[in-house]
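The structure under discussion appears below in the form of structure tokens.
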Amino acid sequence: MVKKNDLVRMKIEDMTSEGLGIGHAEGMAVFVKDTVIGDEITAKIVKEKKTYAYGRLEQLLVPSPDRVEPVCPAARRCGGCQIQAMEYQAQLRFKERKVTGNLARIGGFDPEFLEKIREPIMGMEHPFHYRNKAQFPVGTDREGNLVAGFYAGRTHTIIDHHDCALGVPENRDILETVLDHMRKHRIPAYEETTGKGLVRHVMIRAGFHTGQIMVCLVLNGRKLPAGEELAERLSAIPGMTSIMINVNRENTNVIMGKETFRLWGRAFIEDQIGDVTYQISARSFYQVNPVQTERLYDAALEYAALQGKETVWDLYCGIGTISLFLARKAGKVYGVEIVPEAIEDARKNAALNGISNAEFFVGKAEEVLPEKYEREGIRADVMVIDPPRKGCQPQVLDTMVKMAPERIVYVSCDSATLARDLKYLCQRGYELKRFRAADMFPMSVHVECVVLMSKVKE
């Protein structure tokens with residue numbers, strides 16, 4: 001049995017879903033941050049449990065063949081890029097194993113069957129500078145200096161870093177302009193412990209196809225001192241289109257508050273996926289990797305196999321990104337989303353693209369879907385669902401089974417809850433036909449997946 005403060009030698013054999021390396025010492029699993037599968041290391045035990053322990057990397061004895069030097073100097077400290085030290089093709093293999101492993105372990109699917117129907121993961125040719133959205137917390141360091149960047153892993157300690165390797169180059173200029181303005185006018189950063197201070201986050205969106213940029217300042221109040229002066233400085237940055245204020249006075253980890261208003265420019269930016277144009281507001285959900293989003297949605301559209309007459313439901317539709325993709329090939333599309341601003345954007349986006357066969361509802365999917373089916377008799381030939389990490393509510397799955405669509409296309413950002421939901425549907429008349437992972441978040445442990453299910457023919 002290993003004990004706290006023991007120094008152990010081991011080889012990293014696997015990784016957790018959170019990116020911790022897994023090795024074994026004296027028959028006990030040891031989890032170690034900053035390691036790569038294949039590394040031979042010494043680690044100091046920092047926490048022991050009955051059946052496992054956590055260690056801190058002390059020395060890299062033999063580096064893994066898959067280990068590379070991180071591009072970003074803050075990669076080890078920052079909590080955003082858990083596996084940047086892993087060669088990119090190895091990242092893709094890890095993510096494929098993660099998806100397939102969850103489908104087998106949680107979903108109960110036969111591994112040989114999964115290998116037969118699995119399609120190759122969609123990786124990126126250029127896996128850096130892909131994010132069209134970044135949310136930078138603002139705070140102070142121990143000396144009282146203003147800082148902005150990202151949280152260190154599992155903490156709310158801000159790593160002062162303005163040039164993220166995953167974001168757009170404009171992020172740095174925007175952050176430094178905001179911080180300089182705060183210093184000049186002595187505007188305090190928000191303090192979580194006291195609830196005092198004004199500036200909480202700087203959120204930046206960029207349209208990759210349009211070049212348009214939005215800055216949204218999340219404030220613990222409604223007024224930014226010398227806001228017009230800051231707006232004038234930010235507006236000089238090429239592409240600046242929208243400068244917004246979001247009000248969040250709550251003592252919460254939720255970044256955005258419910259009230260948003262315009263400081264300068266338009267209240268939205270535009271971007272494109274394929275030949276569809278979207279208006280994106282500050283609180284809209286929009287996939288952060290536009291290159292991979294188009295590939296993912298193309299796969300979803302292929303799986304849906306629409307012939308032009310189908311009734312399609314798009315659950316958790318956001319601003320209508322998938323809905324409008326589908327509407328070009330469907331008879332009628334119904335979209336459901338809980339965020340009112342997103343539905344407003346979805347309706348605007350439908351009008352913007354001349355799409356008249358898409359209808360959108362505000363509300364919880366588990367409430368709207370049963371109501372529209374049971375009270376109004378609206379059915380579905382095809383269901384497309386893209387839920388949050390927690391997956392689908394039981395009411396949603398039950399109603400889907402009752403509606404009995406021929407095909408279900410499930411887009412998931414969490415393969416564990418995906419596997420759970422697929423198991424449920426397969427026990428109620430559906431079968432898994434195709435699936436493929438999509439690397440929407442290179443350098444992180446997260447992976448998306450698109451799945452096709454078909455109703456079993458009686």
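What does the charge count around GLY239 come to, taking other residues whose C-beta lies under 13 Å from its C-beta (Lys +1, Arg +1, Asp -1, Glu -1)? Don't skip to the end; give the middle numbers.
Numbers: positive: ARG205, ARG266; negative: GLU170, ASP173, GLU270, ASP271.
Taking every other residue near GLY239 into account, the sum is -2.
With a simple spin-label model that places each label point 7 Å from the Cα along the Cα-to-Cβ direction, the separation between GLN427 and ALA351 comes to 4.6 nm.
A cut-off under 13 angstrom between Cβ atoms defines the neighbours of ASP39, and their net charge, with Lys, Arg +1 and Asp, Glu -1, is -3. Spin-label model, LEU7 to ALA267: label points 7 Å out along the Cα-to-beta-carbon direction sit 6.3 nm apart. Computed over segment 133-273, the convex hull of the alpha-carbon atoms projects to a mean area of 8.5 nm².
Applying 0.36 nm per residue to the separation of GLU228 and GLU58 and subtracting their alpha-carbon distance, the gain on full extension is 56.2 nm. Can you tell me, using C-alpha contacts under 8 Å and at least 6 residues apart, the relative contact order of the chain as a whole percent? Normalised by residue count, the contact order of the chain is 12 percent.
Residue order for LEU7, LEU422, fewest other beta carbons within 10 angstrom first, comes to LEU7, LEU422. Lysine pairs in segment 236-387 whose alpha-carbon atoms fall under 27 angstrom of each other, counting only those eight or more residues apart or on distinct chains, come to 16.
Ordering PHE361, PHE268 by the number of other Cβ atoms within 10 Å of each residue's own Cβ, fewest first, gives PHE361, PHE268. Cross-link partners for LYS3 among the lysines, with Cα-Cα distance under 24 Å and sequence neighbours closer than 8 places in the same chain left out: LYS11, LYS33, LYS44, LYS47, LYS49, LYS50. Highest mean first, the peptides 15-23, 75-83 sorted by other C-beta atoms within 10 Å per residue fall in the order 75-83, 15-23. When ASP14, ASP381 are sorted by how many other C-beta atoms sit within 10 angstrom of their C-beta, beginning with the fewest, the order is ASP14, ASP381.
Under 20 Å of direct C-alpha separation, and excluding same-chain neighbours fewer than eight residues apart, LYS184 reaches these lysines: LYS196, LYS223. A simple spin-label model places the labels of VAL362 and ASP398 2.7 nm from each other, with each point 7 Å out along Cα-to-Cβ.
Since every read-out is calculated from the coordinates, none of them should be taken as a lab result. Everything numeric here is computed off the predicted structure, so don't read it as measured data. Here Cβ is always computed from backbone atoms with ideal geometry, including for glycine, and neighbour counts include all displayed protein chains.
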